[in-house]
Amino acid sequence: MEPNDDLKPKDESEHTFKTIDAKPVELDDNFDYFGQKWHTRILSKILVFVAKIVFVYIYGFLFLRFRVRNKHIFKAYRHKGAVIVSNHVHQFDSFLLGASFFPKRIYYTMLKTNLGLPIVGKLFHIVGGAPIPDTKVGILRYQTLLNEQLQNNNMIAVFPEAALRPYCDHIRPFKKGAFRFAFNANVDIIPMVFIFKKPTGLYKYLKRKPCVELHILSPYQLKHLETKYETLSYNTEELQKIITAYYNTHSDYVGGN
């Protein structure tokens, strides 16, 4: 198995949302995965604040009718590190998730190829996107730096479905990467679910696509079994069941596999 196979889709074609072609990207041995240079940190705070206004308050509220539910659960982690897991169902879900909780620092894993997208590739990185390396040495360094961020009370958001599938009406199988991060750093997982609701009121006549909500579920603590492999496999499957049951209960749009 490749070093990052439990984080990325088996094939880029698994993404059903297509963007412009990205340029090839190579990460050097000292790449700043989590944007820790002082000027990057300052610029990141400014851009995430702008993203909150643009994507959450303007685009999110006016066009998606975006809401965040159960915020009180997240408040308990304002001064703690944790791994966030969520379904990957909108081209802007990383912005909606990351900016909604500003000024809390949230990084999110992303494919290395995203860095090669003209203009927006660097923007993704500055606002918190941490590209996943594709070498064993790179992954080991990535995990070390990620642990440091979690110990510094920051959060890492992972989309365990790996591939983006806009408005997907069911929860797809999870990969183990997020659970490996939580296991190695000994932190809790905060499950979140993007839920789709039928437009109401005037929006019934203005919107063809569903309204989008982000629901925060109760924190999940890993259950440790005899081996690391058993622990990761069990918890990956268990949390997928929890999130699937929640989605199926609360979303107005529920499909099959």
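The values are calculated or read from the model by the stated rules, or taken from the named source; none is laboratory data. Note that the structure is predicted; figures quoted are calculated from it, not measured. Note that we place each Cβ from the backbone using ideal geometry, even for glycine, and neighbour counts take in every protein chain shown.
Of all residues in region 200-229, those satisfying the criterion of being part of a loop (DSSP other than H, G, I, E, B), farther than 20 Å from residue 90 by Cβ and either free of Cβ contacts under 8 Å to residues at least 40 places away in the same chain or not hydroxyl-bearing (Ser, Thr, Tyr) (or both) are 201, 202, 219, 221, 222, 223, 224, 225, 226, 227. Taking region 180-231 as the range and being among the basic types (Lys, Arg) and closer than 20 Å to residue 109 by Cα as the test, only 180 passes. The residue that is surrounded by the fewest Cβ atoms within 10 Å (Cβ to Cβ), counting only those in region 181-202 that are out of contact with any strand residue (DSSP E or B) (no Cβ under 7 Å at 6 or more places or on another chain) and of a type outside the set (A, V, I, L, M, F, W, C), is 201.
Identify the residue in region 132-178 that is part of a loop (DSSP other than H, G, I, E, B) and over 16 Å from the mean Cα position of the chain (by Cα) and, among all such residues, is farthest from residue 237 (Cα to Cα). This residue is 152.
Screening residue 66 against (1) within 12 Å of residue 157 (Cβ to Cβ); (2) at pLDDT 95 or above; (3) of a type outside the set (D, E, K, R) leaves a single unmet condition, (1). For region 179-199, how many residues are under 20 Å from residue 216 (Cβ atoms) and in a loop (DSSP other than H, G, I, E, B)? Number satisfying all stated conditions: 2. Of 244, 236, 249, all but one fail to be polar (S, T, N, Q) and either assigned to a strand (DSSP E or B) or surrounded by fewer than 12 Cβ atoms within 10 Å (Cβ to Cβ) (or both); the exception is 249.
Beta carbons closer than 8 Å, at least 6 apart along the sequence or on distinct chains, pair a first residue in region 130-143 that is farther than 16 Å from residue 156 by Cα with a second that is of a type in the set (Asp, Glu) and not in a helix (DSSP H, G or I) for 134/2; 137/29; 138/29. A residue that is of a type in the set (Phe, Trp, Tyr) and farther than 23 Å from residue 207 by Cβ cannot be found anywhere in region 52-72. Scoring residue 232 on the criteria (1) of a type in the set (A, V, I, L, M); (2) closer than 28 Å to residue 95 by Cβ; (3) touching a residue at least 12 places away in the same chain (Cβ under 8 Å) leaves a single failure, condition (2). With respect to the conditions (1) within 23 Å of residue 161 (Cβ to Cβ); (2) in a helix (DSSP H, G or I); (3) not small (Gly, Ala, Ser), residue 91 lacks only one, and its number is (2). Selection within region 20-44: residues that are within 24 Å of residue 165 (Cα to Cα) and surrounded by 13 or more Cβ atoms within 10 Å (Cβ to Cβ). The member of this set that is modelled with the lowest pLDDT is 22. Within region 73-112, the set of residues being aliphatic (A, V, I, L, M), modelled with pLDDT of 90 or more and in contact with a Lys or Arg (Cβ under 9 Å, 6 or more places away or on another chain) comprises 89, 99. Here residue 47 meets the list (1) surrounded by 14 or more Cβ atoms within 10 Å (Cβ to Cβ); (2) at pLDDT below 95; (3) assigned to a loop (DSSP other than H, G, I, E, B) almost entirely, failing just condition (3). Name the residue that is nearest to residue 25 (Cα to Cα), counting only residues in region 85-120 that are hydrophobic (A, V, I, L, M, F, W, C) and more than 11 Å from the chain's Cα centre (by Cα). Applying the filter and picking the extreme gives 115.
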